[in-house]
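The values are calculated or read from the model by the stated rules, or taken from the named source; none is laboratory data. For clarity, every value in this text was computed on a predicted model and none was experimentally measured. Every residue, glycine among them, receives a Cβ derived from its backbone with ideal geometry; neighbour counts consider all protein chains shown. In case anyone asks, the SASA skips ligands and DNA or RNA and just uses the protein heavy atoms, side chains included. Shrake-Rupley method; radii C 1.70, N 1.55, O 1.52, S 1.80 Å.
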Amino acid sequence: MGSYDDGNRSDSPAEDDDSVHRILDHSRIFDCNDDDIAMRVGAERSRLLFDQVSHHEMMAFPELWSSRSAIQVYLFIRNTALRQWLADPLNEFGLADLRSEIPPPFNSDPNLIARIHAYLQRHGLINFGRYVRTTAPPVLPQEEKKKVIVIGAGAAGLSAATQLISFGFDVTIVEGRNRIGGRVSTINADNDIMETGAETIYSFRSNPLSVLVQQLNVEPIVVNQSFTLYDNGKQVDDTSDRIIEKCYWELRGTVDHLSHNKAVKGKRMSRLEVFEVLLSQMQHQTLKNLEKYWTVYNELLQSRVNIYKEYEVYEKIVRNLEAELARTAPPDSDVSKADVRDATQRTDDVMRRCIRRDYSLALQRLEKEAAQVENIEITLQNYKKQTPGNHYMLAHHYRHLNFYLAHEEYAYGAPLHKVQVGCSDMRQKSSGLSIRLRDSLSSLFTKLIQERGMDINLCRKVTDISYDSNGVVVTTKKTDAVEGEEDVEKFEADFCVCTLPLGVLKKSVKSDVTSGAPNFTPPIPEKLASVISRMGYGLVNKLLMTFERSFWDSNGKFFFGNISPVLESRGEFFLFSSIPESRVLTGYFVGSSAHLSVPQDTLVRKAMAILTGIFGGAVPKAPLSVHVTRWQDDEFSFGAFSYYGLQSNKEDYDELKAPLKAKTYTGSLQGAWISGARAAATIANKVFGCPYADIGDDDMFDDDYEMYRRRQSPPNFDEERMAGEHEEMPQLTRQDR
């Protein structure tokens, strides 16, 4: 029985369900008598440390640098605000509410309380999503009201749009698809739901989408990620699986450790290359151990020869002494029974005593040598039983290990030979509960925009983005235009939040006209274009099948793994998953196997052969409906996930998050919710200034903060999650974006 992490997740569905309800039922925690516990949970839920201030916060509140007591006051106010917001995210948590919760002496500075509230609200840590406002939204004069175009109605676009609207901006969303959600895509098939894109909310406790789940009253389903593993249709022995899994985690731990080693940092090594080097070293060590074994074995054999020689010597001495006793005794005397008194009557008493003494000593030594002979034989027999193999792993063990490597490729969304070894440093490891939604992940965003009157223009494929110091013009082509209707529509604004996926940006940088990627006027700056080209963009695809019944859930498990018979195709159908009461089964393609080019019928035949091998006659002859995703061919994404490629630099993510030198902001790579919130905060700071910090010119704040962040490695604040530029990854788990 395997699992997606290193053992931190419960295998009990009841326990997991209870955990979800504890998280969603905030009052059970936030209304407890122990304020420390409630505030700790509030900070954790908001991806902050309870007892430490992040570098981002230190830059926003520079007075914290000089006073430890000021930090303690700040933390108390900040954690109180987070606790109270999460206790009731259905209603706005206003400044007056926060002031009423702060007791003396922490309430001595009303201005600090207002600044902290403004900071948390500006950065989407409180008052985000869909909640009931108790204060009127900002109303600006028409001539001062700024217009923002958000390109893309995925998670990042909707996050940015909802935040900007709450800040008082006039927001227009343009989306090339005929739906919202981006790569969050759902198909209804035979009265069941197929999640063709993102499907899981990972690290639910610290994920901002958990707040949306409560606000929008959607039903979560715990993803019990323990799984049964099969090899050629047979369930893998649990002991064998645990040994290989332990081996994988040890290797992975070494790979992650080496990513910090200077000898590796200066090289463009892939994770697979380091894995292979480690396995090669383990094989070399195995051969050295084998050589050492045979050296010791030869030494034991030589000891055996020497012991037998000693035994033969004393055996000969005993026989000679027996013969001498027999010779000196009378003919009718029995040597074994003759006593000294009889011997003294027949032979010389002194000679007889000497022979008897030597005989006794020789027998003792012979018995000792016999014991050594017995010991060396037993030692040799036991040593032979410990004969090591001449391979660190046998072929079927390597195939088994490759299953875990395939899962790592799923976590990164890319083949390991293309992922830089230091990629683990660039990603946030995720742990805790994972959930899916009964009505699909798409329903979350559909409910988010319902009855909000948002200006969302679907079927508007962006063809050109022109920007200068005066504003932005986004040119779109109507993909739903009827014959004779003008199919070109232009949108003008003061700012633009661009949430185009990295795959589309790569096409734009290459000026790939055939791809239909938008053109930037002027072109994307060379430095940023180089960053886009260097970054990796990966892929995960699925085969989704609907059956008459869920024949796979008889053991209560909705995940099961399949070890590929061929190492090169380890990512092909390496995993199948479903959810309770669903008749849809999903098979995954990752790594090099993700670039699907074979026909759908071929894929279905392969999947059905695997399922028949596992479940036998319980498998129907054919599925009712089938859908294959080919995200690499999707003109609005050209892939799925970004990753730290072989040519990537550590600063590339920061470079891509920075605004262009005008009023266009690239706020996201994949459509991460927090990325959209960050882009909205950046624009609001540009227009309205920073209500939480008095540090002069806003542009100077942006520049200083960027330079400071690149010099420092923020240990406390989850900067990468706030920026949203990285996909989250668990001990074998990922945040689908």
Out of the residues in region 135-155 meeting the condition of being modelled with pLDDT under 90 and under 25 Å from ASN91 (Cα atoms), tell me which one is surrounded by the most Cβ atoms within 10 Å (Cβ to Cβ). LEU140
Output the number of the condition that PRO623 fails; it satisfies all remaining conditions of (1) over 30 Å from ALA517 (Cβ atoms); (2) surrounded by fewer than 22 Cβ atoms within 10 Å (Cβ to Cβ). (2)
I'd like the residue in region 427-473 that is crowded, with 16+ Cβ neighbours inside 10 Å, more than 27 Å from VAL584 (Cα to Cα) and of a type in the set (Gly, Ala, Ser) and, out of all such residues, is modelled with the lowest pLDDT. GLY471
Please verify whether ASN519 is crowded, with 22+ Cβ neighbours inside 10 Å, in contact (Cβ under 8 Å) with a residue 40 or more places away in the chain, in contact with a strand residue (DSSP E or B) (Cβ under 9 Å, 6 or more places away or on another chain) and not hydrophobic (A, V, I, L, M, F, W, C), treating the condition exactly as stated. no
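Could you please let me know if LYS477 is at pLDDT 90 or above, in contact with a Ser or Thr (Cβ under 7 Å, 6 or more places away or on another chain) and open to solvent by 50 Å² or more (accessible area, probe 1.4 Å)?
Working: at pLDDT 90 or above: yes; in contact with a Ser or Thr (Cβ under 7 Å, 6 or more places away or on another chain): yes; open to solvent by 50 Å² or more (accessible area, probe 1.4 Å): yes.
When the stated conditions are applied, LYS477 passes them.
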Filter region 60-87 for residues that are surrounded by fewer than 16 Cβ atoms within 10 Å (Cβ to Cβ) and charged (D, E, K, R); which is nearest to MET39 (Cα to Cα)? ARG68
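Does GLY591 satisfy the condition of being in contact with a Pro (Cβ under 6 Å, 6 or more places away or on another chain) and closer than 18 Å to GLY197 by Cα?
Details: in contact with a Pro (Cβ under 6 Å, 6 or more places away or on another chain): yes; closer than 18 Å to GLY197 by Cα: yes.
For GLY591, the condition - in contact with a Pro (Cβ under 6 Å, 6 or more places away or on another chain) and closer than 18 Å to GLY197 by Cα - is met.
Yes or no, residue by residue, for (1) touching a residue at least 40 places away in the same chain (Cβ under 8 Å); (2) in contact with a helix residue (DSSP H, G or I) (Cβ under 6 Å, 6 or more places away or on another chain):
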{"residue": "VAL139", "(1), (2)": "no, no"}
{"residue": "GLN142", "(1), (2)": "no, no"}
{"residue": "ALA160", "(1), (2)": "yes, yes"}
{"residue": "ILE165", "(1), (2)": "yes, no"}
{"residue": "ALA189", "(1), (2)": "yes, no"}
{"residue": "GLU219", "(1), (2)": "yes, no"}
{"residue": "VAL223", "(1), (2)": "yes, no"}
{"residue": "ILE243", "(1), (2)": "no, no"}
Going through region 268-288 in order, the residues found to be surrounded by 18 or more Cβ atoms within 10 Å (Cβ to Cβ) and β-branched (Val, Ile, Thr) are VAL274
Tell me whether region 95-118 contains one or more residues that are crowded, with 16+ Cβ neighbours inside 10 Å, under 33 Å from the mean Cα position of the chain (by Cα), more than 20 Å from ASN685 (Cα to Cα) and without any contact (Cβ under 8 Å) to a residue 40 or more places away in the chain. no
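Name every residue in region 530-571 that is touching a Phe, Trp or Tyr at 6+ places or on another chain (Cβ under 9 Å) and hydrophobic (A, V, I, L, M, F, W, C), in order of residue number.
Here is the first cut: in region 530-571, the residues touching a Phe, Trp or Tyr at 6+ places or on another chain (Cβ under 9 Å) are 531, 535-543, 550-552, 554, 557-564, 567, 570-571.
Result: VAL531, MET535, LEU539, VAL540, LEU543, PHE551, TRP552, PHE558, PHE559, PHE560, ILE563, LEU567.
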Boolean, LYS650 is part of a loop (DSSP other than H, G, I, E, B), open to solvent by 30 Å² or more (accessible area, probe 1.4 Å) and either at pLDDT 95 or above or charged (D, E, K, R) (or both): yes
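Kindly indicate whether MET608 is over 25 Å from LEU646 (Cα atoms), among the aliphatic types (A, V, I, L, M), assigned to a strand (DSSP E or B) and open to solvent by less than 50 Å² (accessible area, probe 1.4 Å). Spell out the reasoning first.
Working: over 25 Å from LEU646 (Cα atoms): yes; among the aliphatic types (A, V, I, L, M): yes; assigned to a strand (DSSP E or B): no; open to solvent by less than 50 Å² (accessible area, probe 1.4 Å): yes.
So MET608 does not fit the description; no.
So which residues in region 121-134 are exposed (fewer than 14 other Cβ atoms within 10 Å of the Cβ) and either touching a helix residue (DSSP H, G or I) at 6+ places or on another chain (Cβ under 7 Å) or not in a loop (DSSP other than H, G, I, E, B) (or both), if there are any at all? Reasoning before the result, please.
From region 121-134, those exposed (fewer than 14 other Cβ atoms within 10 Å of the Cβ) are 132-134; that's our starting set.
The answer is VAL132, and nothing else.
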Do we find a residue being touching a helix residue (DSSP H, G or I) at 6+ places or on another chain (Cβ under 9 Å), surrounded by 13 or more Cβ atoms within 10 Å (Cβ to Cβ) and not in a helix (DSSP H, G or I) anywhere in region 360-383? no
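Working only within region 606-627, note down all residues that are of a type in the set (A, V, I, L, M) and touching a Phe, Trp or Tyr at 6+ places or on another chain (Cβ under 8 Å). Explain how you work it out, then say what you get.
Filtering region 606-627 down to residues of a type in the set (A, V, I, L, M) leaves 607-611, 614, 618-619, 622, 624, 626.
Passing the criteria: ALA607, ILE610, LEU611, ILE614, ALA618, VAL619, LEU624.
Listed here are the residues, each with its yes/no results for (1) over 27 Å from TYR410 (Cβ atoms); (2) assigned to a loop (DSSP other than H, G, I, E, B); (3) modelled with pLDDT of 90 or more; (4) among the hydrophobic types (A, V, I, L, M, F, W, C).
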| position | (1), (2), (3), (4) |
| --- | --- |
| PHE636 | no, yes, yes, yes |
| GLY639 | no, yes, yes, no |
| SER642 | no, no, no, no |
| PRO659 | yes, yes, no, no |
| LEU669 | no, yes, no, yes |
| ALA684 | yes, no, yes, yes |
| VAL687 | yes, no, no, yes |
Provide a single number: the residues in region 167-201 that are within 29 Å of LEU82 (Cα to Cα) and either among the charged types (D, E, K, R) or in contact with a Pro (Cβ under 7 Å, 6 or more places away or on another chain) (or both). 4
So, SER592, is that one surrounded by fewer than 22 Cβ atoms within 10 Å (Cβ to Cβ), within 23 Å of the chain's Cα centre (by Cα), in a helix (DSSP H, G or I) and modelled with pLDDT under 95 or not? yes
Just wondering, is there one or more residues in region 182-194 that are of a type outside the set (Gly, Ala, Ser), within 23 Å of ASP464 (Cβ to Cβ) and part of a loop (DSSP other than H, G, I, E, B)? no
